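These notes are about the structure you will find just below.
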Amino acid sequence: MSKQRVAVIGCGSIAKYRHLLEYDAHPEVEIVAVCDIVPERAEDVAEQYQAKAYTDYQTLLKEVDLDAVSVCLPNYLHAPVSIAALEAGCHVLCEKPMATSYEEAQAMIRAAERSGKKLMIGHNQRFVASHQKAKELIASGAVGKIYSFRTAFGHGGPEGWSADGKSSWFFKKEQAFIGAMGDLGVHKADLIRYLLDEEFTDVSAIVATNAKDFATVDDNAVCLLKSESGIIGTLTASWAYKAGEDNATVIYGEKAVLRLEDDPDYSLIVNYTDGATVKYELGKIQSNEAGGQTTSHVINHFIDAIQLDQQPSITGEEGLRSLQIILAALESSETGKHVKIAQ
Ligand SMILES: NC(=O)c1ccc[n+]([C@@H]2O[C@H](COP(=O)([O-])OP(=O)(O)OC[C@H]3O[C@@H](n4cnc5c(N)ncnc54)[C@H](O)[C@@H]3O)[C@@H](O)[C@H]2O)c1
């Protein structure tokens with residue numbers, strides 16, 4: 001089989017630390033073009049991977065013969081660039097949050113349907129070993145009926161991560177549309193849907209900006225969620241956990257409590273109702289902290305989906321359902337009302 005010809009659009013941190021590295025490590029992928037609006041960023045990466053550098057994604061899509069594209073851009077560009085790439089005949093792996101509105105996400109899904117190409121959203125938390133094991137335990141019935149959960153994702157903020165530091169698009173409403181809730185909360189919205197295999201019907205939230213006075217987006221959010229079967233829980237997303245990261249999820253069931261990424265040594269601890277405890281060492285979750293970037297498995301899954309001509313597990317529809325939870329949280333916070341998500 002000939003190699004997949006791939007372009008990466010946006011050469012900031014997620015492109016450098018994950019997409020480019022993982023495409024480069026894939027034996028059946030060739031990185032043929034890269035694009036960044038900052039010419040030196042595109043040129044540096046192009047030199048490193050022997051690819052062609054572009055500063056305009058439309059020119060890249062017109063000039064280069066491609067199989068697939070990664071969209072690693074600020075949130076407001078996800079929909080227009082993904083749609084342009086799909087219309088140019090490329091499979092698309094788009095970073096999260098999928099889009100800035102329900103309508104944009106739907107337009108991306110329709111573009112994928114029209115083009116017959118794959119659209120995958122980069123919700124990498126689904127590939128974390130402890131999360132996969134917990135899903136397996138829940139699906140097997142070992143946890144019994146699930147009653148409740150809490151899930152959190154917080155760190156000190158993207159200042160130390162984004163290619164543009166404190167002046168990053170991450171903090172600007174017109175480019176990000178949403179802050180910690182879109183950066184981190186959407187990961188946990190997607191994770192909890194994945195773990196429980198349920199959709200969420202009700203959201204109440206307080207989405208605040210109380211840690212970064214220079215940001216025009218939220219940096220601290222607490223949400224209450226209810227699933228279609230009546231499971232209730234909290235989802236928190238924060239750029240105000242300055243002293244360290246929290247990436248933990250706890251699931252409270254009839255037969256066991258599952259503690260995911262809540263212990264420094266054991267990525268999954270299961271406390272059974274009968275008193276037994278099982279501790280799993282399943283490898284580290286990706287984190288922004290030093291040495292925290294481990295393989296995401298996202299790129300391998302995307303390439304497999306292309307080569308096997310299968311839908312990726314995280315389709316546009318999946319990305320949209322996770323996006324709907326954070327959109328509902330914003331609406332709840334703005335209106336002071338409990339929001340129902342239409343199924
Ligand atoms: N899956 C994950 O865990 C994860 C982690 C971090 C970021 N992300 C997502 O990845 C996306 C990119 O984030 P990042 O952390 O790499 O940000 P970043 O600020 O480090 O990089 C963004 C890059 O896009 C470039 N850019 C901006 N406008 C452009 C344009 N019109 N054309 C070409 N390039 C342009 C910037 O110059 C910059 O180099 C975001 O959607 C973010 O939410 C996902």
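Evaluated at 25 °C with a viscosity of 0.890 mPa s, what Stokes-Einstein diffusion coefficient in µm²/s does the range 89-166 have when Rh comes from the Kirkwood expression over alpha-carbon pairs?
D = 152 µm²/s.
Where both residues lie in the range 78-226, what percent of DSSP beta bridges are antiparallel, nearest 5?
Counting DSSP beta bridges with both partners in the range 78-226, the antiparallel share is about 70 percent.
What is the sum of charges, Lys and Arg at +1 and Asp and Glu at -1, for the other residues whose Cβ falls under 10 Å from the Cβ of residue 16? Walk me through the numbers before you get to the answer.
Details: positive: 18, 41; negative: 44.
Local net charge: +1.
Considering the zone a paramagnetic label at residue 338 would reach in this model (a point 7 Å from Cα along the Cα-to-Cβ line), which residues of the range 181-219 have amide N under 11 Å from it?
Counting backbone N atoms under 11 Å from the label point, the list is 202-204.
Once every Cα of the range 184-285 carries one equal point scatterer and solvent is ignored, give the base-10 log of I(q)/I(0) from the Debye formula at q = 0.16, 0.19, 0.21 Å⁻¹, two decimals.
-0.83, -1.06, -1.19
So which chymotrypsin sites (Phe, Trp or Tyr not before Pro) in the range 121-214 end up in coil per DSSP with only 11 or fewer other C-beta atoms within 10 Å?
214
Does the range 211-261 classify as rounded, prolate or oblate by the C-alpha gyration tensor (a ≥ b ≥ c root eigenvalues; a/c under 1.5 gives rounded; else a/b over b/c gives prolate, otherwise oblate)?
It comes out oblate by the Cα gyration axes.
Could you name the lysines in cross-link range of residue 340, using Cα to Cα under 16 Å and dropping any fewer than eight places away on the same chain?
The reachable lysines, counting only those whose Cα sits under 16 Å from residue 340, are 226.
Which FRET efficiency, nearest 0.05, do residue 274 and residue 150 yield, Cβ-Cβ r, R0 22 Å?
Efficiency, rounded to the nearest 0.05: 0.45.
Could you give the length gained on full extension between residue 309 and residue 132, defined as 0.36 nm per residue of separation minus the Cα-Cα distance, in nm?
This chain segment gains 61.4 nm when fully extended.
Trypsin sites (Lys or Arg not before Pro), restricted to the range 177-255: which are DSSP loop and have at most 11 other Cβ atoms within 10 Å?
Passing sites in the range 177-255 are 242.
Helix-only mean residue ellipticity at 222 nm, the chain, DSSP H runs n ≥ 4 weighted -39,500 (n - 2.57), per residue, nearest 500. What is it?
So the calculated ellipticity at 222 nm is -9000 deg cm²/dmol.
Testing the spin-label approximation: label points 7 Å from Cα along Cα→Cβ at residue 59 and residue 199. State their distance in nm.
Between residue 59 and residue 199, the simple spin-label model gives 4.4 nm.
What do you get when you divide the Cα radius of gyration of the range 235-343 by 2.2 N^0.38 Å, with N the number of residues?
On the way: Rg = 18.1 Å, N = 109, 2.2 N^0.38 = 13.1 Å.
Dividing the Cα Rg of the range 235-343 by 2.2 N^0.38 Å gives 1.38.
Cα axis of helix 39-49 to longest principal axis of the chain: angle in degrees, 0 to 90, nearest 10?
Approximately 90 degrees, to the nearest ten.
Give the total of Lys-Lys pairs in the range 92-220 with Cα-Cα distances below 20 Å; include a pair only if its members are 8 or more places apart or on different chains.
Step by step, the pairs that qualify in the range 92-220 add up to 12.
Suppose a student asked you for the relative contact order of the range 1-147, using Cα pairs under 8 Å spaced at least 6 residues apart; what percent would you report?
18
Cα convex hull of the range 91-224: how many Å³ per residue?
146
I'd like the per residue volume of the convex hull spanned by the Cα atoms of the chain, given in cubic angstrom.
In the chain, the Cα hull volume divided by residue count equals 133 Å³.
Calculate the all-directions average of the projected area of the range 1-105's alpha-carbon convex hull, and give it in nm². Walk me through the numbers on the way to the answer.
Working: hull surface 24.8 nm².
Orientation-averaged projected area of the Cα hull: 6.2 nm².
FYI, it's all coordinate maths here, none of it is from the lab. Here the structure is a predicted model, which is why all the values come from computation and not from measurement. A quick note on method: Cβ atoms are made from the backbone with ideal geometry, for glycine too, and the neighbour counts reach across all protein chains shown.
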